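Following: one structure in structure tokens, then a few remarks.
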Amino acid sequence: MPRAITGWIQAGTLDPALAALTSILIESGLPLVVAAMNDSVASGWAGGEVRDALGRTLLTCGLPPVPSTRTPAPVTVDAGSLESVLARMPLLSLDPGAEAGARVAIVAVLGADDKHDTWRVTATHLLRPPLRDGHGHVQRQGPAVLATWDPAIGRFEHFSWAVLPELAVLIERRAGDLESDIAARTDLLAGLVAHRVEDPGAVRLAIEAARATAETAPHPS
């Protein structure tokens, strides 16, 4: 099983763009939920194994390691769709009137690709916070689709551009800066995959170095 995010990209479980987006949102504080069916198997990996391993990798691939702490445990669930996730984790879908308990999270749903004997992130969703309308009423926003795997064309389709300003507000960034960071990390991860860099420490150091460079670079006003 892959140990680094580059290995998961090489296996086709996700692509550089989805790995870049997800890792940046996690670094910025958004929680991650990974779902897969326990009874599904691909590449010799059962659903529970693959969702735990991918979740741990995403949680740690770009974050600086903290001495004397365990690897963070991802929130995982035995489910094959967003609807099943919400049914099994009711705290994620509270009544819109319960504003204090509203949940914001990234939900990655994994599925077994039997044709290619591999695992895919079949869909990644953003659970969005409720909005307050002009009359002061709290209204629920439906989940947003960030990316899906399209088996007909054999690649991932990306839709995060439609909610990029909203994502930027959630993590207190400017939309233009977030877009640039996602593009830069996508290129970085694609380059690491091309050079077969599969050591988790080396991947983390590359991400950290790129992030440090971006933070010190002047931004247009």
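In percent, how large is the relative contact order of segment 1-90, given Cα pairs closer than 8 Å and 6 or more residues apart?
Computed over segment 1-90, the figure is 31 percent.
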Sequence of THR57, THR186 once ranked by neighbouring C-beta atoms within 10 Å, starting from the fewest: THR186, THR57
Cα gyration tensor shape for the chain, rounded if a/c is under 1.5, else prolate or oblate: oblate
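To the nearest 20 debye, what charge dipole does the chain have about its Cα centre, counting +1 at the Cβ of each Lys and Arg and -1 at the Cβ of each Asp and Glu?
260 debye
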Around GLN10, what is the net charge, scoring Lys/Arg as +1 and Asp/Glu as -1 over all other residues with Cβ under 12 Å from its Cβ? 0
Below 8 Å between Cα atoms, with a sequence gap of 6+, how large is the relative contact order for the chain in percent? 24 percent
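What does the net charge come to around ARG211 if you take all other residues with beta carbon closer than 11 Å to its beta carbon, with K and R at +1 and D and E at -1?
Residues close to ARG211 contribute a combined charge of -2.
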With only helices counted (DSSP H, runs n ≥ 4, each -39500 (n - 2.57)), the per-residue ellipticity at 222 nm for the chain, to the nearest 500, works out to -12000 deg cm²/dmol
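Every number here is computed from the coordinates shown, using simple stated rules; none is lab data. Worth saying up front: this structure is predicted, and the values here are computed from it rather than measured. In this analysis, Cβ positions are derived from the backbone assuming ideal geometry, glycine residues included, and neighbour counts consider all displayed protein chains.
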